[in-house]
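Read the figures in this text as sums done on the coordinates, not as results from a lab. This structure is a prediction, so every number in the text was calculated from the model and none was measured. When we count neighbours, we look across all protein chains shown, and the Cβ atoms used for this are built from the backbone with ideal geometry, even at glycine.
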4 protein chains.
Amino acid sequence: MARAANGRTTAGAAVGDSVEPVPQRLLAVATRLFAEQGFEMTSVQQIVDAAGVTKGAMYHYFGSKDDLLYEIYARVLRDQHARMESAADSDAPVDERLHAVAADVVATTAANLDDTVIFFRSMHLLHPDKQAEVRAERRRYHERVRALIEEGQRSGVFRADKSADLVVDFFFGAVHHLGTWFRKDGKLTGEEVGKEFADLLLASLRP
Amino acid sequence: MARAANGRTTAGAAVGDSVEPVPQRLLAVATRLFAEQGFEMTSVQQIVDAAGVTKGAMYHYFGSKDDLLYEIYARVLRDQHARMESAADSDAPVDERLHAVAADVVATTAANLDDTVIFFRSMHLLHPDKQAEVRAERRRYHERVRALIEEGQRSGVFRADKSADLVVDFFFGAVHHLGTWFRKDGKLTGEEVGKEFADLLLASLRP
Amino acid sequence: MARAANGRTTAGAAVGDSVEPVPQRLLAVATRLFAEQGFEMTSVQQIVDAAGVTKGAMYHYFGSKDDLLYEIYARVLRDQHARMESAADSDAPVDERLHAVAADVVATTAANLDDTVIFFRSMHLLHPDKQAEVRAERRRYHERVRALIEEGQRSGVFRADKSADLVVDFFFGAVHHLGTWFRKDGKLTGEEVGKEFADLLLASLRP
Amino acid sequence: MARAANGRTTAGAAVGDSVEPVPQRLLAVATRLFAEQGFEMTSVQQIVDAAGVTKGAMYHYFGSKDDLLYEIYARVLRDQHARMESAADSDAPVDERLHAVAADVVATTAANLDDTVIFFRSMHLLHPDKQAEVRAERRRYHERVRALIEEGQRSGVFRADKSADLVVDFFFGAVHHLGTWFRKDGKLTGEEVGKEFADLLLASLRP
DNA sequence: AATGAATGAGCGTTCATTCAT
DNA sequence: GATGAATGAACGCTCATTCAT
């Protein structure tokens, strides 16, 4: 196997050098480092070293360090949106659907906590255009949940004296802040927290 | 009014060169810039230029750029803690006290949104020792609210099947995320949002 | 020859922009400037300007300004040690070997006066760890000479009533201070001073 | 006793705040710090803090940080010169006088090692004019010793085949390098080293 | 596809010195 | 005599990005 002068492997899959393709490896490593140290305290050199590639390789796949951040966001938004749609569109009663959606968003947020932490810490560092894109996607996500609440309000299952918008902001605030306290090795699993949070949401909407 | 060659006022109180002492002026300017651009995208040069002083003056009062961030946190934590204590210790019924505390923390957070935004975006950039101090203070704050919920649970005013800890994390998550959507010129004032959020909290705790 | 807007050569080997590789060029330039102006009065900017590269290039090869100093030391210590070993290990009589070693160390010190001047002026500015390394290497050097003197004392060629250690400190003191008075264009050459100093050393050791 | 807001004594002789006048205290403190840390790594702030005065006070007595260094030199040169004159002008035989002078210069150098260390490390940082003054004084000192050697050479007490100049440079080199190895708590006292060094000098001059 | 030397602008910080009080 | 807030120029160093190979 070829070895460069610096002793790092240049080809083939060495031990610890997973078979994952380079772009995915870079994204995974960047996600971990950004979550651990913050976006701006992580240098491109650190990322490529940890991924076992060179700067040139990184700039071959990603236009900039910024781009790496954007791709992390895009990936997580894509995943979450897909999951949510399927939960919201079942033919269960509206309160059960809202509960399922709420519990699921909490569980998946807990499962991908690094992404959420990076998201809320670093989105302001993104280029304004990309920030706008990300925000728009997130808004579509929120609106799907708001529609669910309004459906329940119209049918009398939920109280109608609270703005659905406000309830969405209330609930997603709680979800997005999981990163400050939730620990994988804590008392509750992500699914358990999801059930509890969904219970609290539903309780606050009881007529 | 006299103006030096560099264009800065050398005597009298010009616009932006107010009579406010230099340290306070630096803190106010830094808060605004950190909220607008982020801590790491704000240079010390920008801060001192905006405050109308030189770097030397800033380093006379603050040990580092980090220190500026810490002082912003310390100030807001001190204020919030004081307000909260007085609301939690009144002799009203426990549900009224929790409502008052919850509404107040939302209203003051909305009133000092810059501080909160900076706080959750940039705390990881603070020196670990200072981070620990800040976290400890914030924990004391949360624990006062948890005690209030537990008091209500023991007296049967609140449902007892939900962990008070979890409810605190749920609610404060919502509060701490105000910065992502609340706007001073939006539909609702900070006090109005406070009342709505407190209502939702109390509703979710109904037995 | 092409010249960029900044006035630096972009192709071909200009005066001062020789074909010597960048790290060597930096080391040579730094040695000269440190000797002329002192380590701390020489800025990194001066060094890179004189070497015709940018700061980034320098920091690509050297970890710090300190490192540059250390490399200067390491290089001269390596050279001196090698020369000395070969002179000390010949099979001539011990007094001739000591004379040869003494004369050679003076001559090579005179030939590389800049390094010696920098060495004794600036070693205290080096990182403590690197200082320790340098001191250890220098001690090995002194001990080889001490062994030579002790050998002569045991065989009766040298007087035995003076501590070999002290004689080494005495002699090397004289050598290391060449920088304060020796001039390349002075009355005596480095080799001539070497012979005289070695004579004085041997005379002082006569039984 | 008056105490400033920062808690430092502002008047009277506190414990550790010797009765020595301010300029002397500053000089003593500066000498210690320069020897310990080097001239350029010692800030004016450190000096005035250690001396228990303020910057204003220091600049009242000394024109600059440079001045402090110069005064340290001037003081030590004045002292050494005075001692040497009296030893060189006795009416003992010339070899005894040279021995006495040599032993004395070593002993006083050992007794004031800090000054010597600073001297040879930092003289190049002095303003050229002051450097010239210091060098001139030092040259007068060396010339007195050279005259002594030449006197002995003329009278046949010392070998005449070695340049007196060179012998002076040889010997003073050894003396000025005491700082790199002599320790107050080492095997030999300054006086003992003085006797040994003088012995070696005289031995090397035997016809 | 990938390298890694080199760029260049900018960063946070230091510090001897000044001066109104 | 003495203060200490403020200056301002310089410093060592970092880093995302480029480009000849």
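For the range C:24-41, the candidate set comprises residues that are closer than 11 Å to C:LEU68 by Cβ and within 11 Å of chain D (Cβ to nearest Cβ); within that set, the residue that is nearest to DNA strand F (Cβ to nearest atom) is C:PHE39. Residues that are assigned to a loop (DSSP other than H, G, I, E, B) and either closer than 23 Å to C:HIS124 by Cα or within 15 Å of DNA strand E (Cβ to nearest atom) (or both) within the range D:16-45 comprise D:GLY38, D:PHE39, D:GLU40, D:MET41, D:THR42, D:SER43, listed in sequence order. Looking only at the range C:87-107, decide whether some residue is within 14 Å of chain D (Cβ to nearest Cβ), within 16 Å of DNA strand E (Cβ to nearest atom) and out of contact with any Lys or Arg (no Cβ under 8 Å at 6 or more places or on another chain). No, the range C:87-107 contains no residue that is within 14 Å of chain D (Cβ to nearest Cβ), within 16 Å of DNA strand E (Cβ to nearest atom) and out of contact with any Lys or Arg (no Cβ under 8 Å at 6 or more places or on another chain). Within the range C:53-90, the set of residues being in contact (Cβ under 8 Å) with a residue 12 or more places away in the chain and closer than 23 Å to C:GLY152 by Cβ comprises C:GLN80, C:HIS81, C:ARG83, C:MET84, C:GLU85, C:ALA87, C:ALA88. Restricted to the range B:51-66, and to residues there that are surrounded by fewer than 16 Cβ atoms within 10 Å (Cβ to Cβ), hydroxyl-bearing (Ser, Thr, Tyr) and within 8 Å of DNA strand F (Cβ to nearest atom), the residue that is nearest to the other protein chains (Cβ to nearest Cβ) is B:TYR59. Quick check on C:THR189: is it crowded, with 18+ Cβ neighbours inside 10 Å, out of contact with any strand residue (DSSP E or B) (no Cβ under 7 Å at 6 or more places or on another chain) and not hydrophobic (A, V, I, L, M, F, W, C)? No, not satisfied. Take the conditions (1) within 16 Å of DNA strand E (Cβ to nearest atom); (2) under 16 Å from C:GLN24 (Cα atoms); C:TYR73 misses just one of them, which is (1). All of (1) in contact (Cβ under 8 Å) with a residue 12 or more places away in the chain; (2) surrounded by fewer than 18 Cβ atoms within 10 Å (Cβ to Cβ); (3) more than 13 Å from chain A (Cβ to nearest Cβ) hold for B:ALA132 with one exception: (1).
Quick one: is C:VAL48 away from chain D (no Cβ under 14 Å), part of a loop (DSSP other than H, G, I, E, B), more than 21 Å from the chain's Cα centre (by Cα) and within 13 Å of DNA strand F (Cβ to nearest atom)?
No.
Can you go through A:LEU166, A:LEU125, A:LEU113 and tell me which one is touching a residue at least 12 places away in the same chain (Cβ under 8 Å), facing another protein chain (nearest Cβ under 9 Å) and out of contact with any strand residue (DSSP E or B) (no Cβ under 8 Å at 6 or more places or on another chain)?
Just one listed residue meets the conditions, A:LEU125.
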